[in-house]
1. Name the residues in the range 93-134 that are among the aliphatic types (A, V, I, L, M) and touching a Lys or Arg at 6+ places or on another chain (Cβ under 7 Å), would you?
2. Look at the range 115-150 and say how many of its residues are farther than 17 Å from A68 by Cβ and not aromatic (F, W, Y).
3. So which helices (runs of 4 or more DSSP H) stay within the range 57-127 end to end and still have 3 or more residues that are touching a residue at least 60 places away in the same chain (Cβ under 8 Å) and more than 27 Å from V157 (Cβ to Cβ)?
4. Are any of the residues in the range 125-146 crowded, with 18+ Cβ neighbours inside 10 Å, among the β-branched types (V, I, T) and on the phi < 0 side of the Ramachandran plot?
5. Looking at L216, L180, L200, which is the one that is closer than 30 Å to S23 by Cβ, touching a residue at least 12 places away in the same chain (Cβ under 8 Å) and more than 22 Å from the chain's Cα centre (by Cα)?
Amino acid sequence: MSLSSFFENPERLNRWIDIAQSSFLPLLKGALLYSLTIAIAAFFIGLILAVLTALARLSGIKPLIGIARFYVSIIRGTPLLVQLFIIFYGLPSIGLMIDPIPSAIIGFSLSVGAYSSEVVRAAILSIQKGQWEAAYSLGMTYWQALRRVVLPQAARVSIPPLSNSFISLVKDTSLASVVLVPEMFRKAQEVVAATYEPLLVYAEAALIYWVICFVLSIIQDRIENKLDRYV
């Protein structure tokens, strides 16, 4: 069917409108209740892992450095989809059963932690040594200087790349459909299976992803502009 003949067919056009209207709320529910929730939970857990991994890399302790490097190498060197399959489908073979949503959060958290650790490490290294020396001159210990002086400044430096990582994570939650999480993309697959209209439904899902990421980009810009006032 050509594009012109499609628009000249009112029955097909009306069917598309009906499907779009009936599928919008289920897709939006999947996005808000699962996609965003998983992304937020995984991002914060991953951020904690990222800070710990970055500090391990900067600690000067060889065993910690080796463990951190191995973790980053494994996660960055294997596809996220494969990692999700190992967690959800592979671990049960050794008796470790994990539900779909925790499996997705674990997989995404490990991924965020590995990739963001390099961002955090670079942000810490970007802080001038004079800041450390000034903190030491005030009688602070290494950990006090790190917590009160260095990490707050490093956080401001790392916000732009970390914000981009979060936006990418929101889109990557579509991979959670393979571990049976009822997020938006899986809802879209279910609608397609019932209606046989993949172009319409997947385009609708893509539009919702785009709107969410667009709103997050606006929030990111406002946060960056607010932080720039203190530079």
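Coordinate-derived values only; no laboratory data. On a predicted model such as this, the values are computed, not experimentally measured, just so you know. Here Cβ is always computed from backbone atoms with ideal geometry, including for glycine, and neighbour counts include all displayed protein chains.
1. Scanning the range 93-134 gives a single hit, A114.
2. 20
3. It comes to 80-85, 100-125.
4. Among the residues of the range 125-146, not one is crowded, with 18+ Cβ neighbours inside 10 Å, among the β-branched types (V, I, T) and on the phi < 0 side of the Ramachandran plot, which makes the answer no.
5. L200
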